[in-house]
Amino acid sequence: MLLTIDVGNTHTVLGLWDGPKLAHDFRIESSKGRTSDEILVLLLTLMDVAGVDRRHVHASIVASVVPALTDPICHAARRAFGHETMQVGPGIKTGMPILYENPREVGADRIANAVAAFERCKSAVVVVDFGTGTNFDCVSPKGEFLGGVIAPGMQISAEALFSRAARLSRIPIAKPPRAIGRNTQHSVQSGIVFGYVGLVDGLVDRIRDEIEGPCRVLATGGLARLVAPESRTIEEVVPDLTLEGLRLLYERNQ
């Protein structure tokens, strides 16, 4: 089995692949203070929960945007499974030209998303990844990573509002019954959810104008299922897109 690890600023998502099939997946908090010993215990516990013999995990690959966690996770994986963990970064074969001015600046998760999306669509595609920040990753019809957009995530935007507005208490991020809120909770939810839908659709429209031609739009990340049904541009939600991209990157480097 192949272990894929996507280390984000808020959560770390792990997937166990049995060939092309995602057999198990897990989500844990990306606690920057965790030691490799703590991560080792977590990895072994997750294997037990899944009923997987750790000797069956023959390889692992990590995409990390949290440098403080990269080495502890790789060290823990080596102790747990007895092999070195492949890291998505400079020197890895992606099979995708990176047209960013400085390719080293592109987050590893963005590369994984772009690779998986183009493999699925075989056409120009935009991936909207709803994480701590919301990334729009753009791939040309030729399979080139063109660049994209980085916007504050929905949760960050909400937290900024709650922390600066003394009379607004924290509320759950959920779809309100209508755009015109008739109480404070629904008014705030409308601004956050429908406002964010407008941000997504507006940016996708601009991106499509620049790509000039048919362009698919996929969504992934924690809040994708909340935004996608309200969006006129998002065509499909693929929850495990980043893990799928990591599997493809591992295969391309064998």
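Test Gly147 against the criterion of being within 19 Å of the chain's Cα centre (by Cα), assigned to a loop (DSSP other than H, G, I, E, B) and surrounded by fewer than 20 Cβ atoms within 10 Å (Cβ to Cβ), and give yes or no. So Gly147 fails the test. Applying the set (1) closer than 30 Å to Arg252 by Cα; (2) buried (at least 21 other Cβ atoms within 10 Å of the Cβ); (3) out of contact with any Asp or Glu (no Cβ under 7 Å at 6 or more places or on another chain) to Tyr196 leaves exactly one unmet item: (1). Go through (1) touching a helix residue (DSSP H, G or I) at 6+ places or on another chain (Cβ under 6 Å); (2) closer than 25 Å to Arg104 by Cα and name the single condition Arg170 misses. Among (1) touching a helix residue (DSSP H, G or I) at 6+ places or on another chain (Cβ under 6 Å); (2) closer than 25 Å to Arg104 by Cα, Arg170 violates only (2). Within region 172-193, the set of residues being buried (at least 17 other Cβ atoms within 10 Å of the Cβ) and either in contact with a Phe, Trp or Tyr (Cβ under 9 Å, 6 or more places away or on another chain) or over 30 Å from Gly147 (Cβ atoms) (or both) comprises Pro176, His186, Val188, Gln189, Ser190. Just one of the listed residues (Val52, Val66, Val57) is surrounded by 13 or more Cβ atoms within 10 Å (Cβ to Cβ), on the phi < 0 side of the Ramachandran plot and touching a helix residue (DSSP H, G or I) at 6+ places or on another chain (Cβ under 8 Å), and it is Val57.
Quick one: in region 1-55, of everything that is under 22 Å from Thr220 (Cβ atoms) and β-branched (Val, Ile, Thr), which residue is modelled with the lowest pLDDT? Selected residue: Thr10. Identify, by number, the condition in (1) outside any loop (DSSP other than H, G, I, E, B); (2) over 21 Å from the mean Cα position of the chain (by Cα); (3) touching a residue at least 60 places away in the same chain (Cβ under 8 Å) that Ile207 doesn't meet. Unmet condition: (2). In region 69-82, how many residues are of a type in the set (Val, Ile, Thr) and buried (at least 20 other Cβ atoms within 10 Å of the Cβ)? So the answer is 1.
Residues in region 171-180 that are without any contact (Cβ under 8 Å) to a residue 40 or more places away in the chain and within 25 Å of the chain's Cα centre (by Cα): Ile171, Pro172.
Return yes or no: is Leu161 surrounded by fewer than 16 Cβ atoms within 10 Å (Cβ to Cβ) and either touching a helix residue (DSSP H, G or I) at 6+ places or on another chain (Cβ under 7 Å) or at pLDDT 90 or above (or both)?
Judged against the criteria, Leu161 is a match.
Scanning region 227-245 for residues that are more than 13 Å from the chain's Cα centre (by Cα), touching a residue at least 40 places away in the same chain (Cβ under 8 Å) and either part of a loop (DSSP other than H, G, I, E, B) or crowded, with 18+ Cβ neighbours inside 10 Å (or both) yields Val227, Ile234. Could you list all residues from region 92-128 that are over 20 Å from Ile150 (Cβ atoms), open to solvent by 60 Å² or more (accessible area, probe 1.4 Å) and not in a loop (DSSP other than H, G, I, E, B)? Glu119, Arg120, listed by residue number. Of the residues screened, Glu210 is one that is closer than 18 Å to Phe145 by Cβ, out of contact with any Asp or Glu (no Cβ under 8 Å at 6 or more places or on another chain) and of a type outside the set (Val, Ile, Thr). Residue-level check: of (1) in a helix (DSSP H, G or I); (2) touching a strand residue (DSSP E or B) at 6+ places or on another chain (Cβ under 6 Å), Ser187 misses just (2).
The values are calculated or read from the model by the stated rules, or taken from the named source; none is laboratory data. Just so it is clear, the structure is predicted and the values come from calculations on it, not from any experiment. Positions of Cβ are generated from backbone atoms using ideal geometry, with glycine treated the same way; all protein chains shown enter the neighbour counts. The area values use the complete protein model at the heavy-atom level, side chains included, leaving out ligands, DNA and RNA. Shrake-Rupley method; radii C 1.70, N 1.55, O 1.52, S 1.80 Å.
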